[in-house]
Amino acid sequence: MLGVFSKGLVVELARMSKAVYPGPLNQKTLFIENERIVGQRYVHGSYGRGFCRVLYNDRAVIVAFRGTREGVDWFVSNFGAFPVPFAKGGGGKPVYVHQGFQRTLYYTDRTSQRPSLEALVSILDEIQVGQRSLYITGHSLGGALATLAAAKLRHLRPELVASNLRGIVTFGAPAVGLRAFKEFYGELHDLTLRVVNAADAVPFTPPIAYYHVGRAVWLRRDQVSADPGWRARLASSLALLSPRSFRRDHSMVAYMAALTALP
């Protein structure tokens, strides 16, 4: 049901998406493609936004975006739902995306004093991905940034996306663009897996005009199934679960528990 992604790979990417929330991270506790992560690089957005880590070993490189951690994230990123043109690489047709999410990718990296997305691309160039697999992942806001970053990376480093990108795996991510963005996303749909846990409220957002990309799976009652769509998930959630489940089911702790419980 996870398609081309094994349960082990999805669990490891979920573990990374959870691990990037705090400060220092011991990369040696993480694995990908059966090998221990041996190194990491940081991107620090202004006041903590646009933050991600590039984790790597001899087999793979993982770009893991952090989700909402600080209260101000809501005002800078999450609440900026007004659609704006997709910057850098939208093509001829107007493509609109979530203002707050896109803005977050261009906050200044505190280390390099460059826009966060530019700093990320520079790191990928410096570590020389080579023949290694590339994965992009994140939870919540981090999942939204992962989706946008993948689309932008296709424009900025098309050869890297064509040759190395193996998957964009998000957990509890909101939608990031209008209908034209879904069309523009193109071949990346086949590489994108959105994991939705039980009654998690965030994948229902933004509630109007925005469209999800890729393929979604629904974790519920120790099982995984194809996402039946937001209307069916909402009806089931309202009928069977308490209101607090909408928040509780969004945590990465809940996602990890649901994933590890799968057969």
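Points worth noting:
- Computed with the Debye formula from one identical point scatterer per Cα of the chain, without solvent, the log10 of I(q)/I(0) at q = 0.11, 0.13 Å⁻¹ comes to -0.54, -0.77.
- Non-local Lys pairs in the range 7-260, i.e. 8 or more apart or on different chains, that have alpha carbons under 24 Å apart: 9
- Point-to-point label distance, residue 59-residue 231, nm (Cα→Cβ direction, 7 Å offset): 4.3
- Taking the charge dipole of the chain about its Cα centre, with +1 at Lys and Arg Cβ atoms and -1 at Asp and Glu Cβ atoms, the residue from 81, 25, 145 reaching farthest to the positive side is 81.
- For residue 96, the amide hydrogen comes within under 5 Å of the amide hydrogens of 86, 178, 180, 181, counting only partners 5 or more places away or on other chains and with H modelled in the peptide plane.
- Between residue 162 and residue 26, the C-beta separation translates, for a Förster distance of 51 Å, into a calculated FRET efficiency of about 0.95.
- Structure-based [θ]222 nm, the chain - -39500 (n - 2.57) summed over DSSP H runs of at least 4, per residue, nearest 500: -9500 deg cm²/dmol
- Using a simple spin-label model with pseudo-atoms 7 Å out from Cα toward Cβ, residue 87 and residue 111 lie 2.1 nm apart.
- Its residue count N sets the reference 2.2 N^0.38 Å, and the alpha-carbon radius of gyration of the range 1-61 equals 1.19 times that reference.
- From the largest down, the range 117-171 spans 29, 21, 18 angstrom on the principal axes of its Cα atoms.
- The range 7-260 - percent relative contact order, Cα under 8 Å, separation 6 or more: 17
- Screening the chain for DSSP H helices whose Cα atoms reach 20 Å or more along their own axis and whose mean Kyte hydropathy is at least 0.0 gives 141-156.
- Spacing of the two label points (7 Å from each Cα toward its C-beta) at residue 4 and residue 125, in nm: 2.7
Only the coordinates and a few stated rules stand behind these numbers; no lab work does. If you're wondering where the values come from, they're calculated on a predicted model, not measured in any experiment. Glycine also receives a Cβ, built like all others from the backbone with ideal geometry; neighbour counts cover every protein chain displayed.
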